[in-house]
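See below for the structure under consideration.
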Amino acid sequence: MTDYEKKEVAVLENIVDTLTKLDSELDKLDSLNEDKSKKHELKKWYAEKKAIHDIKHILHSVGKYEKYDDDEMKKIDAYIENFMN
């Protein structure tokens, strides 16, 4: 296996790990939704945004995604903070 193939496998494993974490987080939030008086849509949205940000970072680090914004999560956090106030 060449170095390129090893890097490719490592990138794919990182993406799989990120998506697995997302699935776990969404499952946890879905189980909290069993109480119909509470919804966790904003938490789901945040978990999805974080997973997408992490995937963009992984792809950017190997030169496969050029539009990565390192401060994207800070902007999202600021948006949520403003939203909650």
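The values are calculated or read from the model by the stated rules, or taken from the named source; none is laboratory data. Note that the coordinates shown come from a computational prediction; the quantities given were computed from them, not determined experimentally. Cβ: placed from backbone, ideal geometry, glycine included. Neighbour counts: every protein chain shown. Note: areas computed on protein heavy atoms with side chains; ligands, DNA, RNA excluded. Shrake-Rupley method; radii C 1.70, N 1.55, O 1.52, S 1.80 Å.
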Filter region 67-85 down to residues that are among the basic types (K, R) and more than 14 Å from the chain's Cα centre (by Cα) and give me whichever is surrounded by the most Cβ atoms within 10 Å (Cβ to Cβ). K75
Considering only residues that are modelled with pLDDT under 90 and of a type in the set (G, A, S), look in region 1-39 and name the one that is least open to solvent (accessible area, probe 1.4 Å). S31
Residue that is modelled with the lowest pLDDT, among those in region 40-66 that are open to solvent by 70 Å² or more (accessible area, probe 1.4 Å) and more than 19 Å from Y79 (Cα to Cα): K64
Quick check on this structure: which one of L12, L59, L29, L19 is in contact (Cβ under 8 Å) with a residue 40 or more places away in the chain and in a helix (DSSP H, G or I)? L59
